[in-house]
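Below you'll find the structure, written out as structure tokens, and then a few comments.
The values are calculated or read from the model by the stated rules, or taken from the named source; none is laboratory data. Here the structure is a predicted model, which means the values were calculated and not measured. Here Cβ is always computed from backbone atoms with ideal geometry, including for glycine, and neighbour counts include all displayed protein chains. Accessible surface areas use protein heavy atoms only, side chains included; no ligands, DNA or RNA. Shrake-Rupley method; radii C 1.70, N 1.55, O 1.52, S 1.80 Å.
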Amino acid sequence: MGSLAVLKNTTTICAPLMSSSVEEMMSDMLKAKAQGADVVELRLDCLKTFDFRHDLRVLVDNKPLPVIIVYRPKSEGGEYEGDENTRLEVLRSAKELGADYIEIELKVAFDLMEEQKFSQRGSTKIIVSCFLDTTNSAKEDLSQLVAHIQSTGADIIKLVSNTSSITELTRIFHLLSHSQVPLIAYSTGERGLISQLLGPKFGGLFVYGSVDRYPVLGLPTLDSLRQAYGVEHIDADTKIFGLISKPVSHSKGPILHNPTFRYAGYNGVYVPMLVDDLNDFFTVYSSPDFAGYSVGIPYKEAVIGCCDEVHPLAQSIGAVNTIVRRSSDGKLIGYNTDCEASITAIEDSIKALGCINGEAFFPSPIAAKQFVVVGAGGAGRALAFGAKTRGARVIIFDIDFDRAKSLAQAVCGEARPFEDLANFQPEKGAILANATPIGMHPSTDRIPVAQGTLKDYRLVFDAVYTPRKTTLLRDAENAGALIVSGVEMFLRQAIGQFNLFTGSKAPEDFMRAIVMEKF
């Protein structure tokens, strides 16, 4: 068996290349290197035409960075459907040509590794892989599987699984952190994404990232691994933060929080967490390593029941968007940074125009104004309570009328049936705040109110921030209203979250610069 000291104790980023021709694969290797890959996985089974006696040498002799040769059969999730003996001959040839790594499947590993060509393989390192239908196996069973694979004589062990829940991933983290052999282990799909991103913390050998021309669901791009997540900076001491939401793929939190952590010299990483069951999630992820969370749709209200303590503002609002694990006792403390973020964004926009026009506002530019909130969920509650504290007259619309009535009662406001919104005529100079997902990518052409009424609002706020200027905001601006993007609310609530996550003052100018550039 070859040396186990295959790689340095640093994060290695691998790009799988599923090119359809040898020429494309050569070009894609250069692209992968330029985008930050340290090694590429050459999926030979994806090539439409492949003369291995010629093409394999071309690929290995002209590689711009180390390569893993993979020739995966259909039965193992690959594309190869030809003769098995021919497939194995390709892998033997790859070894003879000096490929850096060759990946073989567990089902053929014992026989291949007994061959002299593989047992005396020189500098080529052998990865033995196994694909599981699920990670829902006991930690002991997975450890036994690793030991079984190790007995093949593998230099590196690779386990890839499907997962039905983010809570199953703790078995992978346990496996990685306790492994005595070089190990690659992760789950696929959106629910498995954090097993990729957090692999460096728990000792995973490779992190896989896609080249921009080959997006893969649940696989981060090479650019995001380097620029957003900064995986090369993640180590055993890195604190984990994340967005708990469903869906979660729309979030731009990672491209704001992670660079800010690095800029501030804080050893933390922020990842998207697609959570199906809140109680199960917090029960399973109870380690101090998981230090804090943002909370998104649809959990801002329900998550209160998972907190050990709730800040009075969040308690009165009835919604939590930020959770911090207190280091002294591990208790989860819930906060709401949405409220001030949204209301100050609205106030500051009106004040800025007021200064130009010579207006004076006391105590608030929205005091006594009609404040129309569409949506009575977590964001809507934050907006309604913020407006109430400023003395506005709040009107609530929600598709769940009982929920609208409950919120209206809490803020001494008025509830209206959602179907009335199409014909609702606001007072001249009213404020409109959309706190629903209406207009969010990909359904970007919808607005929650009648377009003809937009001319009567002085200001229109949209909590949606993907896209940055929604159809609602564009139409409102065309109608002459001031507009405030959800990006501004997002930035301000994120500043509050950074302060809570780290215990330090956020670098606000730096964070604003990121938002202006990336959002």
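As a summary of the residue check, PRO442 satisfies the conditions (1) under 25 Å from the mean Cα position of the chain (by Cα); (2) touching a residue at least 12 places away in the same chain (Cβ under 8 Å); (3) not in a helix (DSSP H, G or I) except for the one numbered (2). Has region 205-218 got at least one residue that is touching a strand residue (DSSP E or B) at 6+ places or on another chain (Cβ under 8 Å), open to solvent by 30 Å² or more (accessible area, probe 1.4 Å), without any contact (Cβ under 8 Å) to a residue 40 or more places away in the chain and farther than 20 Å from SER129 by Cβ? Yes, that holds for at least one residue. Is it the case that region 449-467 has a residue that's open to solvent by 60 Å² or more (accessible area, probe 1.4 Å) and free of Cβ contacts under 8 Å to residues at least 24 places away in the same chain? No. Within region 46-79, the residues that satisfy the criterion of being touching a Ser or Thr at 6+ places or on another chain (Cβ under 7 Å) and either outside any loop (DSSP other than H, G, I, E, B) or open to solvent by less than 40 Å² (accessible area, probe 1.4 Å) (or both) are CYS46, LEU47, PHE52, LEU56. When each of LYS252, LYS239 is tested for being surrounded by fewer than 23 Cβ atoms within 10 Å (Cβ to Cβ), modelled with pLDDT under 95 and out of contact with any Pro (no Cβ under 6 Å at 6 or more places or on another chain), the lone residue that passes is LYS252.
Within region 125-137, the residues that satisfy the criterion of being surrounded by 14 or more Cβ atoms within 10 Å (Cβ to Cβ) and more than 19 Å from PRO16 (Cβ to Cβ) are THR135, ASN136, SER137. If only residues of region 138-176 that are surrounded by fewer than 16 Cβ atoms within 10 Å (Cβ to Cβ) and in a loop (DSSP other than H, G, I, E, B) are counted, the one that is farthest from the chain's Cα centre (by Cα) is SER151.
The residue pairs whose first member lies in region 263-275 and is under 14 Å from LEU225 (Cα atoms), whose second member is open to solvent by 10 Å² or more (accessible area, probe 1.4 Å) and part of a loop (DSSP other than H, G, I, E, B), and whose beta carbons are closer than 6 Å, counting only pairs six or more residues apart or on different chains, are VAL269/ILE234; PRO272/SER251.
Name the single residue, out of those in region 7-45 being under 17 Å from LEU222 (Cα atoms) and of a type in the set (S, T, N, Q), that is least open to solvent (accessible area, probe 1.4 Å). The extreme case among them is SER19. Taking region 15-68 as the range and being of a type in the set (Asp, Glu), within 30 Å of the chain's Cα centre (by Cα) and within 20 Å of GLY98 (Cβ to Cβ) as the test, the residues that pass are ASP38, GLU41. Among the criteria (1) in contact (Cβ under 8 Å) with a residue 60 or more places away in the chain; (2) touching a Ser or Thr at 6+ places or on another chain (Cβ under 9 Å); (3) not small (Gly, Ala, Ser), the one PHE490 does not fulfil is (2). Condition (residue is in a loop (DSSP other than H, G, I, E, B), buried (at least 17 other Cβ atoms within 10 Å of the Cβ), without any contact (Cβ under 8 Å) to a residue 60 or more places away in the chain and at negative phi) applied to region 313-335: is it met by at least one residue? Among the residues of region 313-335, at least one is in a loop (DSSP other than H, G, I, E, B), buried (at least 17 other Cβ atoms within 10 Å of the Cβ), without any contact (Cβ under 8 Å) to a residue 60 or more places away in the chain and at negative phi, which makes the answer yes. Candidates are the residues of region 204-239 that are assigned to a loop (DSSP other than H, G, I, E, B) and hydrophobic (A, V, I, L, M, F, W, C); the one that is nearest to GLU517 (Cα to Cα) is VAL211.
Would you confirm whether or not region 256-265 contains a residue that is part of a loop (DSSP other than H, G, I, E, B) and touching a strand residue (DSSP E or B) at 6+ places or on another chain (Cβ under 7 Å)? Checking region 256-265: not a single residue is part of a loop (DSSP other than H, G, I, E, B) and touching a strand residue (DSSP E or B) at 6+ places or on another chain (Cβ under 7 Å). Checked against (1) in contact with a helix residue (DSSP H, G or I) (Cβ under 6 Å, 6 or more places away or on another chain); (2) closer than 27 Å to PRO247 by Cα; (3) hydrophobic (A, V, I, L, M, F, W, C); (4) outside any helix (DSSP H, G or I), ALA384 passes all but condition (4). With respect to the conditions (1) farther than 24 Å from SER286 by Cβ; (2) out of contact with any strand residue (DSSP E or B) (no Cβ under 9 Å at 6 or more places or on another chain), SER328 falls short on a single one, namely (1).
Taking the stated definitions as given, is LYS428 open to solvent by 30 Å² or more (accessible area, probe 1.4 Å), closer than 20 Å to ASN321 by Cα and part of a loop (DSSP other than H, G, I, E, B)? Taking the combined requirement at face value, the residue does not satisfy it.
Could you tell me whether VAL269 is over 23 Å from ARG325 (Cβ atoms), touching a Ser or Thr at 6+ places or on another chain (Cβ under 8 Å) and outside any loop (DSSP other than H, G, I, E, B)? Criteria not met by VAL269.
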